[in-house]
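Notes to accompany the following structure.
Derivation of every value follows stated rules applied to the coordinates shown; laboratory data play no part. What you see is a predicted model, and the numbers here were worked out from it, not measured in a lab. Here the Cβ is made from the backbone with ideal geometry for all residues, glycine too, and neighbour counts use every protein chain on show.
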Amino acid sequence: MGQLFSHMPKDEDKGNLESSFTEYFRNYKQETKIISEETTRSIELCLKRGDFQRANSVISDALKNIDNTPINIAVTGESGAGKSSLINALREVKAEEESAAEVGVTETTMKVSSYKHPKVKNLTLWDLPGIGTMKFQPKDYLEKVEFKKYDFFIIVSSSRFTKLELDLAKATRIMKKNYYFVRSKVDCDLDNEKKSKPRNFNRENTLNQVRNSYLDTFRESKIDEPQVFLISNHDLSDYDFPVLMDTLLKDLPAEKRQNFLLSLPNITEAAIQKKYNSTKQFIWLQAMKDGLLATVPVVGILKDLDKERLKKRLDYYRDLFGVDDESLMFMAKDAQVPVELLIKNLKSPNLLKCKEETLEELLLNCVEKFASANGGLLAAGLYFRKTYYLQFHFLDTVAEDAKVLLKAAQTHFAHSF
């Protein structure tokens with residue numbers, strides 16, 4: 001993860017908050033930044049003018065916008081294509097759980113159903129009936145599903161896209177909505193091909209044949225060739241699912257990226273790292289917002305340590321990254337190992353099981369390294385480094401734990417534990 005404060009203002013330029021802010025966000029790619037370029041420029045201008053009150057207000061509005069802006073993802077397609085299974089996979093919910101989208105071999109979605117993400121309050125996935133089912137004919141389909149409210153459409157197929165689905169794609173483009181073609185159950189195609197051609201089976205050739213068959217359909221229908229994402233709902237880390245997530249992230253407006261990133265399953269180290277970087281940006285903005293108007297000297301901060309409040313924050317990060325107690329118990333049960341075996345190589349469960357003096361010492365070490373005893377407006381950078389150090393430390397530790405668990409899962413605990 002690197003140094004926790006490698007992008008923070010140095011002591012010699014601590015008064016130049018504009019350059020510190022610019023330098024920090026320069027380290028993130030445009031498609032992974034959680035605030036827009038317009039907001040970034042506005043904050044930089046305020047800092048350059050020394051208008052900290054206004055800068056505080058702009059950051060505060062940006063954070064509220066991130067917290068409150070809804071994300072609505074529509075999933076539709078043919079009967080039995082795996083729409084509900086995809087929704088459950090995106091929500092990390094098993095099919096037998098009470099909150100799961102109903103899964104079946106026939107069309108189980110006969111009405112529009114919404115499913116909140118269990119960890120991201122303002123992200124909703126919508127399970128739409130397939131266009132062409134008896135109750136939803138093409139002529140009134142768009143009206144019935146309230147087409148305009150969705151951020152984008154994922155059109156799922158497990159065979160070939162029908163004319164109705166291609167017409168839906170054209171309609172989304174006319175209405176300036178993004179759509180993404182997903183070919184599900186590609187693992188079944190590979191299994192069938194391998195059984196029928198055991199000697200000549202070639203994984204990449206088979207996947208290319210599946211993809212090209214769809215591209216031919218688009219050409220015949222005079223549709224600009226979109227990217228086709230081949231996925232398996234049973235193994236999201238394989239095939240094109242990570243590429244699909246990166247594409248959706250790139251196409252979303254900045255204020256929606258944070259919550260979308262937080263919803264990503266921990267299927268790869270890259271996914272965990274993206275979630276880490278997004279959360280770190282959010283903490284950094286919170287810290288700068290508070291620090292801009294700070295007039296509290298360093299000694300006052302140490303007295304305000306609230307262990308219960310810190311525990312809630314740590315628990316939030318553990319839950320977000322899937323290393324909370326409940327997730328560990330489920331993971332241990334699935335792997336048929338004692339939960340203690342998982343916990344022994346993790347650090348986050350024990351972060352706050354130290355004495356109060358040890359906790360203060362941890363913060364003091366940071367204070368001695370990065371801050372001085374001067375309070376006041378121009379010490380804003382110093383203030384938020386002291387106040388938010390433990391949050392950065394929690395985030396670092398929890399993200400590393402998530403990577404440890406991912407490696408363990410990938411090796412079925414044979415080598416990691």
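A few notes on this one:
- Linear extension gain, residue 410 paired with residue 146, 0.36 nm per residue minus alpha-carbon span: 91.0 nm
- Once both labels are positioned 7 Å from their Cα atoms along Cα-to-Cβ, the gap between residue 237 and residue 175 label points is 3.7 nm.
- Across all Cα pairs in region 144-184, the calculated P(r) in 5 Å bins from zero up to the longest distance comes to 6, 23, 32, 25, 11, 3 percent per bin.
- Distance (nanometres) between label positions extended 7 Å along Cα→Cβ at residue 360 and residue 26: 4.0
- Compactness index (Cα Rg / 2.2 N^0.38 Å), region 71-252: 1.01
- Within region 266-282, backbone nitrogen closer than 16 Å to the virtual label 7 Å beyond the Cα of residue 99 toward Cβ: 266
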